[in-house]
Amino acid sequence: MRLLNICVMAALLLMLACSGQASMSQFAGTWSNTDPATRGITSLQINVSGSSAQVHAWGSCHPTDCDWGSVQAQAFASGVSSNIASDASTLIAVFNSGFSETTLVITPYGSGLQVDSYDRFLDGSGRSNYIASYTFQKQAAPGGTSPGGAAPGGTSPGGAAPGGTSPGGAAPGGTSPGGAAPGGTSPGGATTTIDLTGVWNCDDGGKYYVRQLGTTVWWFGEQSPSNPTWTNVMQGTVSGNIIYADWSDVPLGSVMSSGNLVLQIVSNNQLTAISKTGGFGGSTWTR
Amino acid sequence: MNDRMKMTAALLLLLISLSTCSASLSQFAGDWTNADSNTGGITNLSISVSGSSASVHAWGRCHPTDCDWGTVSAYVFSADVSSDPVTQAQALMAVYNSGFSVTTLFIKPQGSSLSVQSYTAFQDSSGRSNYASSYKFNRKATVQLSASGLLAGVAPIQGMKRLQTSILTGKQGGN
């Protein structure tokens, strides 16, 4: 019963938080994704001046976040006669990487922000357009340094989003996910010369039996052929030179964990983990 | 009080689950009318689906008859880059450009209805403020022709079938 009361209160608070109006100043500031493990947008910096706003976004990349750059946002109020500065309820920011376009719909969410991201591919790669939703909280220490830091050679704005590549793409020096990847992966993410099928060794001491069918990859990994401490299975999708995967231990061993993996296809004979959750031990696979 | 709270919680959970589920593209197809018959915005939508493509036809409130905004191709969005948009479409985006303004519609399933977020940005330097609107659309009641002429059908379809049966056979009510 107590749980029900809490649920009802939380739902009512949620509805109230979603329906409130905002001023432009409510959007201003530096914001971080409430999910620190997100593979999508990690940080936003919104600068407001009167009735206009600039949105700067960073996407998840390794080893540092990718800088999507800054774009002019459009602000929306409730009516044509509204004062945007005092009544803005939504910002829309569009990032174009050349091979994809990401539209961010940003609305206040309590004291945070709700961001719905619509990623649309322009490169004819056959990848499906996709949506993602995030919540952001204002960063506690407005320090002046930009959230993402220097854009690395990683993926770009849609970056590491589910499926991989994304819009900002503007990461200087970086290969964009849709771009050419080691081993000749095509923009659509389908590998043309890479075949990961085989038996691999990992720096966690385990042996991994990998099967690749098109852009889908599976493996069975074991710590030892006899009485293994751990055994796991994985299923992932290849996008460019990145594999986005889910893994889980299975009860041939005694360890029981699960999580996500983002792996980089360094070559036909080497994989490197970019991010791991669930306490996964291995980082480099070779054969 | 307890029963009321349970019912409220159940309704809220149902609402949340309905608003977050994915949909097939066919779920968007059909003729839709604004749940608010007095809306000053979009009154009707007609969404056509073919394979993984969709087009949206919209009408806006005008007097004496609604204004036809025309038909545009819509962008289909799924949960991720590997999703099949035919079976896992989660949203449509349709963009209307009138020359002096651009209206972007984000269309999502909401139970058996559609939730439509509309964003209109003015391009004419008129000083008007860009504005956002939210609408709920219900599927339009169906109309079917039978051999004996026009039958005014109403949803649900079961009701329609029963009406047709009674007209054609003279049987009234019951199963």
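The values are calculated or read from the model by the stated rules, or taken from the named source; none is laboratory data. The shown structure was predicted, so the numbers you read here are calculated from the model rather than taken from an experiment. Reconstructed Cβ throughout: ideal geometry from the backbone, glycine too, with neighbour counts over all protein chains shown.
Taking the criterion of being among the small types (Gly, Ala, Ser), closer than 13 Å to residue A:281 by Cβ and in a loop (DSSP other than H, G, I, E, B), the residues of the range A:230-268 that qualify are A:253, A:257.
Looking only at the range B:37-50, filter to residues that are outside any strand (DSSP E or B) and of a type in the set (Gly, Ala, Ser); which one of those is farthest from the other protein chains (Cβ to nearest Cβ)? Steps first, answer last, please.
Applying the first criterion (outside any strand (DSSP E or B)) to the range B:37-50 yields B:37-41.
Restricting the remaining residues to those that are of a type in the set (Gly, Ala, Ser) gives B:37, B:40-41.
Details: B:37: 20, B:40: 10, B:41: 11 Å.
Among them, the one singled out is B:37.
Listed by position, the strands (runs of 3 or more DSSP E) enclosed by the range B:98-154 that each have at least 1 residues that are at pLDDT 95 or above and of a type in the set (Phe, Trp, Tyr) are B:101-110, B:113-122, B:131-139.
The set of residues in the range A:71-89 that are within 28 Å of the chain's Cα centre (by Cα) and more than 7 Å from every other protein chain (Cβ to nearest Cβ) comprises A:71, A:72, A:73, A:88. With respect to the conditions (1) facing chain A (nearest Cβ under 8 Å); (2) of a type outside the set (A, V, I, L, M, F, W, C); (3) buried (at least 16 other Cβ atoms within 10 Å of the Cβ), residue B:84 falls short on a single one, namely (3). Kindly provide the set of residues from the range A:114-128 that are more than 9 Å from every other protein chain (Cβ to nearest Cβ), in a loop (DSSP other than H, G, I, E, B) and either out of contact with any Pro (no Cβ under 6 Å at 6 or more places or on another chain) or basic (Lys, Arg) (or both), ordered by number. Hits for the range A:114-128 are A:122, A:124, A:126. If I filter the range A:19-29 for residues that are surrounded by fewer than 20 Cβ atoms within 10 Å (Cβ to Cβ), in a strand (DSSP E or B), modelled with pLDDT of 95 or more and more than 10 Å from chain B (Cβ to nearest Cβ), do I get at least one hit? Yes - at least one qualifying residue is present in the range A:19-29. Would you check if residue B:115 is over 15 Å from residue A:130 (Cα atoms) and in contact (Cβ under 8 Å) with a residue 60 or more places away in the chain? Taking the combined requirement at face value, the residue satisfies it. For the range A:190-201, the condition of being outside any loop (DSSP other than H, G, I, E, B), closer than 30 Å to residue A:93 by Cα, modelled with pLDDT under 85 and not aliphatic (A, V, I, L, M) holds for none of the residues.
For the range B:87-96, how many residues are touching a residue at least 24 places away in the same chain (Cβ under 8 Å) and either outside any loop (DSSP other than H, G, I, E, B) or facing chain A (nearest Cβ under 8 Å) (or both)?
Taking the range B:87-96 as the starting set, the residues that turn out to be touching a residue at least 24 places away in the same chain (Cβ under 8 Å) are B:87-90, B:92, B:94, B:96.
If we keep only those that are either outside any loop (DSSP other than H, G, I, E, B) or facing chain A (nearest Cβ under 8 Å) (or both) as well, we get B:87-88, B:90, B:92, B:94, B:96.
Qualifying residue count for the region: 6.
Among the residues of the range A:74-92 satisfying the criterion of being of a type in the set (Val, Ile, Thr) and either free of Cβ contacts under 8 Å to residues at least 24 places away in the same chain or part of a strand (DSSP E or B) (or both), which is surrounded by the fewest Cβ atoms within 10 Å (Cβ to Cβ)?
So, considering only residues that are of a type in the set (Val, Ile, Thr) and either free of Cβ contacts under 8 Å to residues at least 24 places away in the same chain or part of a strand (DSSP E or B) (or both), the one surrounded by the fewest Cβ atoms within 10 Å (Cβ to Cβ) is A:80.
For the range A:49-70, a residue qualifies if it is of a type in the set (A, V, I, L, M, F, W, C) and under 20 Å from the mean Cα position of the chain (by Cα), and the qualifying residues are A:55, A:57, A:58, A:61, A:66, A:68. Number of residues in the range A:129-155 that are within 14 Å of chain B (Cβ to nearest Cβ) and either at positive phi or at pLDDT below 90 (or both) equals 1.
The set of residues in the range B:51-81 that are more than 7 Å from every other protein chain (Cβ to nearest Cβ), not hydrophobic (A, V, I, L, M, F, W, C) and not in a strand (DSSP E or B) comprises B:51, B:52, B:61, B:63, B:64, B:65, B:66. Among all residues of the range A:93-100, there is at least one that is within 12 Å of another protein chain (Cβ to nearest Cβ), crowded, with 20+ Cβ neighbours inside 10 Å and closer than 15 Å to residue B:77 by Cβ.
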